[in-house]
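See below for the structure under consideration.
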Amino acid sequence: MKKMDKNSKTIQHPLFGISTKKWIKLLNKNKGIDRKFLARGVFITLSSIFTAPARYFFKLKYDSKINKTKIKNPPLIIVGHWRTGTTYLHELLSQDPQFCSVTLWNTLLPDSFLTLEPMKKFLANFLPKKRPMDEIRVDIDGPYEEEAAIAVLSPWSFFHCLHFPRNAEEQYLKSIHFEGLTDSELDQWKDDYLKFMKTVTFANNGKRLLLKNPANTTRIKMLLELFPEANFIHIYRNPYKVYLSTIKMRNKVLDKLSLQNSSKDEIEKQVIENYKRLMKSYFEQEKLIPKNKIVDIRYEDLVKEPIKQIEKIYSILKLPGLTNALPEMQKYLERQKDYKTNVYKIDKKIIERVKNNWNFTIERWGYQPPK
C-alpha cells in the first residue's frame with residue numbers, strides 16, 4: 001500500500017464547519033481516522049465546537065426565512081464527469097449577473113455562513129492559494145460545487161470518498177447513485193440539499209441559481225423532482241485525458257483532504273469503475289430531460305471558441321441576457337489567456353485500459369488517444 005506523505009501535516013480541513021453531532025456520526029459510519037491524520041481530526045473537532053454558536057444563531061435568525069424562500073427561477077445546472085471542464089464553464093457563465101452561484105464560502109459553513117460573514121476575510125487566510133489538481137486560483141467568493149456543502153450537512157457525499165478512502169465504495173454508491181439508502185435517508189438527503197439551495201437563494205435575493213457539480217451527473221431524476229423546469233448543460237472531454245487528469249486530481253486532493261490511508265491501485269480501480277457507472281447512469285437519465293432544456297458541450301470546442309459555445313448554450317436553452325453578460329465574460333477570458341492546461345504523457349497500457357473500459361463514450365463522441 002502506497003501511503004500519502006507530502007501533505008499529511010496539513011491540518012486545515014473543509015469539514016471544519018460541521019456540527020459536532022454530525023461529525024461523530026460521520027466517523028462512526030466511516031470507521032474512524034487513521035493515526036497519521038489525527039491532527040486533522042482534532043482540528044475538525046475543535047472547529048466544530050468553536051462554530052457551534054454561529055450555527056445556533058443562524059438557525060434562530062434565518063431558519064424561518066429560509067424555509068419560506070421559494071426558488072422561483074429554474075436553476076441552470078452544469079453536469080459532467082470530473083475533469084471535463086465543468087469549473088471553467090461554471091466560472092465563465094458566472095460572469096452573467098443574472099445568476100448566483102454557490103461559493104466556496106457557502107460550502108465551508110453551509111448552515112452558518114451568514115452569521116460568520118465578519119470573519120470571512122480572516123478565515124480566507126487559511127485557504128490554499130491555488131487548487132492542488134490544476135493550479136486554478138482559490139477565491140473564497142468564487143463559484144464552487146455544492147457537493148462540498150453536502151459533505152458538511154450530510155453523511156453521504158462524494159467528498160466523503162476523498163475524506164474516507166477506505167469507505168469510498170459505499171460512499172460513492174450511496175451519495176451518487178443513492179443505492180443502499182433507506183427511504184428516510186434519501187428524504188433527509190433531499191431535504192438537506194433543498195434547504196441549502198434555499199439558503200443560497202435567500203442570501204442572493206432570489207437570483208437564478210447556476211450550479212456545477214459533477215456528482216449531479218447521475219442525479220438527474222432527483223434534480224428534476226426538485227426543479228422540474230431546470231435547464232442542464234452537459235460537458236464532456238476526451239476520455240483518455242479525463243482518465244489521466246482524474247488520477248492526478250484524486251492523488252493530489254487525497255493528500256490534502258484524506259483522513260485515512262489510501263492505495264494507488266484502489267484509486268485507479270475506483271476511477272475506472274466510477275466513470276463507467278456515472279456515464280452509463282447519465283445516458284439513461286438524460287432522456288428524462290426535455291430536449292429544449294439540455295445542451296451538450298464538447299470541452300475542446302469550449303476552449304477553442306468559448307464565446308461561440310456560450311452563444312450556443314443561450315440559444316438552445318433560450319436564456320436571456322447574453323448581450324449584457326458578454327463584456328464580463330470577455331474580461332474573464334482575457335484574465336485566463338495565460339493559463340496553461342496540464343500536459344499528459346500516455347503510454348500504451350493506459351490507452352488499452354481506457355479503451356477497454358470506456359469505449360462506450362470514446363465511440364459515442366469520436367475521440368482518439370492523445371499523441
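Estimated from helices alone, the mean residue ellipticity of the chain at 222 nm is -16500 deg cm²/dmol (sum of -39500 (n - 2.57) over DSSP H runs with n ≥ 4, per residue). Multiplying the residue separation of ASP255 and ASN324 by 0.36 nm and subtracting their alpha-carbon distance yields 20.7 nm.
Compute the Kirkwood hydrodynamic radius of the chain, taking the inverse of the mean of 1/r over all pairs of distinct Cα atoms, and give it in Å to one decimal.
Details: mean 1/r = 0.0469 Å⁻¹.
It works out to 21.3 Å.
Between LYS308 and ASP183, the FRET efficiency from the beta-carbon distance, with R0 = 41 Å, is close to 0.35.
Proximity of backbone amide H atoms, modeled 1.01 Å from N, is registered between LEU211 and LEU76, ILE77, ILE78 at under 5 Å, excluding neighbours fewer than 5 places apart on the same chain.
Could you give the length gained by full extension between ASN204 and PHE122, i.e. 0.36 nm per residue of separation minus their alpha carbon distance, to one decimal place?
Result: 27.3 nm gained on full extension.
Note on ILE346 and LYS221: the extension gain reaches 41.4 nm, defined as 0.36 nm multiplied by sequence separation minus the Cα-Cα distance. When both segment 22-59 and segment 249-286 are represented by their alpha-carbon centers, they are found 24 Å apart. A Förster radius of 35 Å, combined with the Cβ-Cβ distance separating LEU317 from THR20, puts the computed FRET efficiency at roughly 0.25. With R₀ fixed at 22 Å, the C-beta to C-beta distance from ALA52 to ASN28 puts the FRET efficiency at about 0.70.
Read the figures in this text as sums done on the coordinates, not as results from a lab. For clarity, every value in this text was computed on a predicted model and none was experimentally measured. All Cβ positions, even for glycine, are placed from backbone atoms using ideal geometry, and neighbour counts span all protein chains on display.
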